[in-house]
Amino acid sequence: RRVHGEHTKMMHDLEMESSSLDTTESILPPSLEVRILGFELTADNATAYRVQLTADDTTRIVVHRYRDFFELHSTLQLLFTNLPYFPPKTMQIILEQSELRQYRQERLETYLQGLMGRLDTASHPLVLEFLELTTYFPAYKLPTAAPSLVDPKVFEGRIGVTSVEYLPDEELLFCALQDYSSFARMGRLWSIVEPDELGALLCFKKNTPQPPTTNTASSHIDSTTANSTTANSASATANIDSKSKSRSLFHETFAQIFPIKVCSFAWDSHRKQAFVGFEDGVVTVYTVSQDRPAFVLSDKMVLHKSAVYGLHYNNGFTLSCGADNNMCLIDANERKVINGGSLSKRLGSHHLTCCIFHASTKRAFLGSSGRDIYVYSLESTPPQLLTTVTGQSGPISCMDFDGRHLIFGDGTVAAVWLIEGKGRERRSRQAALFRSLTEGDLVRSVRYSSHLRHVVAGYESGSVVTWSPVSGSFSAAIKAHDSAVNVIRFYDSGRTLFTGGTDGLLKMFSFNEQYVAQASQLASEWNQRRIEQSANPSSNENSVNWFQDPSFQHPKDPRRSLATDLTGFDAF
């Protein structure tokens, strides 16, 4: 598996300003170097590899057998995606014992270096314990974040999450859900859930923190994972009953079931009201009850002739778009349409998929099932087309906009465009492309954290990947869900991330800007090494790519080549 990274020159605003972050406490010792010096035979004639850790003129040796490496890798596979290449137990070619040991030594060294070059694996307790870093380097900081499950248990995972909204002050969590199963497309009677359970609105309240307990069965999932070092125990951790109230940070306070799909959701934080788009083209307005955390029906508007695929609220206005290729701008206070129009002629055989409205510039961004994003000005009636952003292949599945940078999912690509100011929209240009780590893995959700300066994308495979616009590489690849990640939302200045999947689960992740800053630095250093190695292959004869196994030839073959393939990193 190969990282298909493409990275162009980034604008000044996307550069990581390390001085603006408090990096007094780093998660990694400065200039940490991981090498495997060689191997030795144990008393039972097994092979043990000597791993050398070097940092701050301090050197330590850790000894592990191949079985230990294999168990570590098996455990990490349950938690992360796109791990570095790991040498298998059995080889397709017959090697002498000494040759096999040498081959594994080279690959295991590259494997460990790959783990330490990523934010997620480099700071995970399993890796820290395996290398005994917390013992030899006490300054090495443990991560404080792993997913915390919020389970919409009404549907037992049979219905997917459409949207998520979190209110930190009220400690309330709202989510909209719909049936994503293929059977649902055949009609209500064919759905794998009940015919009257095709959509839902759920409300959760944050639990009051409980005092720590010594009962392992009710402890937090993080501690269970941290104390587990084998594949079997990791499997047990992965199969923990997420519906256990003692494990969840939130509890359900309200649920409303609909016999129709809930396709979109937008939250008006100023008026404490929610706009909900349904499959029949109706947009319903709900307010949050002051007596208890629940939705109260307030208004209903028929805006479209078919499914409302997109709803976006911004500063007093809500923009909607539907499969009928119409867009409507709603005054959130008066709850009436004040602007809009049809894009049917312009779209042809395609349809609208998502939308974003930026109130201060009165711009509407409309994504399509093709590869185009249409940028309209809604300052006058009818709306005026300003420019068209053309992606790679399409469809445009999701978008995010921070006032200047447009981030969107374009097939298997997460793209970043710089949108110019008023009157210069046609000068807007592409800033960066991040191709999926797995070939054919479609982008389903995307967000840009201006605080952490990272692009986070959710994929069809269920993985969540954080991309650094500085280095052009990813800093974390988490196995968040068993199926497509439909929702990604940042809160608490980018420190808290909620994800929602087609598997019906919500998950919460915590990010620390110190970790992200350090990861960006590590990625830059590793990419620089790759460039140097590419310029001088002879100096790196025995190195291999983190993410793919090079074509292996017998060690006795004079044509043997283990040089790293760096063609995917030329643009860095």
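The values are calculated or read from the model by the stated rules, or taken from the named source; none is laboratory data. None of the values given here were measured: they were computed from a predicted structure. Glycine also receives a Cβ, built like all others from the backbone with ideal geometry; neighbour counts cover every protein chain displayed. With ligands, DNA and RNA removed, areas are computed over all heavy atoms of the protein, side chains included. Shrake-Rupley method; radii C 1.70, N 1.55, O 1.52, S 1.80 Å.
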#### Entry: Those residues of region 50-68 which are open to solvent by less than 60 Å² (accessible area, probe 1.4 Å) and out of contact with any strand residue (DSSP E or B) (no Cβ under 8 Å at 6 or more places or on another chain), in sequence order
THR58, ASP68
### Task
Evaluate the following for GLN77: is it open to solvent by 70 Å² or more (accessible area, probe 1.4 Å) and in contact with a strand residue (DSSP E or B) (Cβ under 9 Å, 6 or more places away or on another chain)?
yes
## Note on the structure
Among (1) surrounded by fewer than 21 Cβ atoms within 10 Å (Cβ to Cβ); (2) modelled with pLDDT under 90, ARG427 falls short only on (2)
### Query
List pairs: first in region 336-350 and within 27 Å of THR284 (Cβ to Cβ), second assigned to a strand (DSSP E or B) and of a type in the set (Asp, Glu), Cβ under 7 Å, 6+ apart or cross-chain?
ILE338/ASP331
### Summary
Of the residues in region 272-317, those that are within 30 Å of the chain's Cα centre (by Cα), under 27 Å from ASP169 (Cα atoms), open to solvent by 20 Å² or more (accessible area, probe 1.4 Å) and of a type outside the set (A, V, I, L, M) come to LYS272, PRO293, HIS312, TYR313, ASN314, ASN315, PHE317
### Task
Quickly run through region 256-271 and pick out the residues that are assigned to a strand (DSSP E or B) and open to solvent by 30 Å² or more (accessible area, probe 1.4 Å).
GLN256, ILE257
### Task
Sort out which residues of region 351-377 are assigned to a loop (DSSP other than H, G, I, E, B) and free of Cβ contacts under 8 Å to residues at least 60 places away in the same chain, and write them in order of number.
HIS351, ALA359, SER360, LYS362, SER369, GLY370, ARG371
### Query
Mind checking which pairs have a first residue in region 64-82 that is polar (S, T, N, Q) and a second that is part of a helix (DSSP H, G or I), Cβ under 8 Å, 6 or more apart or different chains?
SER74/ALA231; SER74/ALA234; THR75/LEU126; THR75/ALA231; THR75/SER233; THR75/ALA234
### Message
Looking at the structure I just gave you, is VAL276 under 22 Å from GLU197 (Cα atoms) and at pLDDT 95 or above?
### Response
yes
### Message
Yes or no: region 435-445 includes at least one residue that is open to solvent by 10 Å² or more (accessible area, probe 1.4 Å) and in contact with a Leu (Cβ under 8 Å, 6 or more places away or on another chain).
### Response
no
### Message
Please determine whether any residue of region 404-411 is among the charged types (D, E, K, R) and farther than 20 Å from TRP467 by Cα.
### Response
no
## Note on the structure
Taking region 476-508 and keeping residues modelled with pLDDT under 90, open to solvent by less than 10 Å² (accessible area, probe 1.4 Å) and within 11 Å of the chain's Cα centre (by Cα) leaves ALA476, ALA477, ALA480, HIS481, LEU497, PHE498
### Query
Which is in contact with a Ser or Thr (Cβ under 7 Å, 6 or more places away or on another chain) and β-branched (Val, Ile, Thr), of THR59, THR81, THR90?
THR81
### strands (runs of 3 or more DSSP E) contained in region 394-491 and holding at least 2 residues in contact with a Pro (Cβ under 9 Å, 6 or more places away or on another chain) and over 19 Å from HIS312 (Cα atoms)
429-435, 454-459
### Query
So how many residues does region 111-162 have that are crowded, with 19+ Cβ neighbours inside 10 Å, modelled with pLDDT under 65 and β-branched (Val, Ile, Thr)?
1
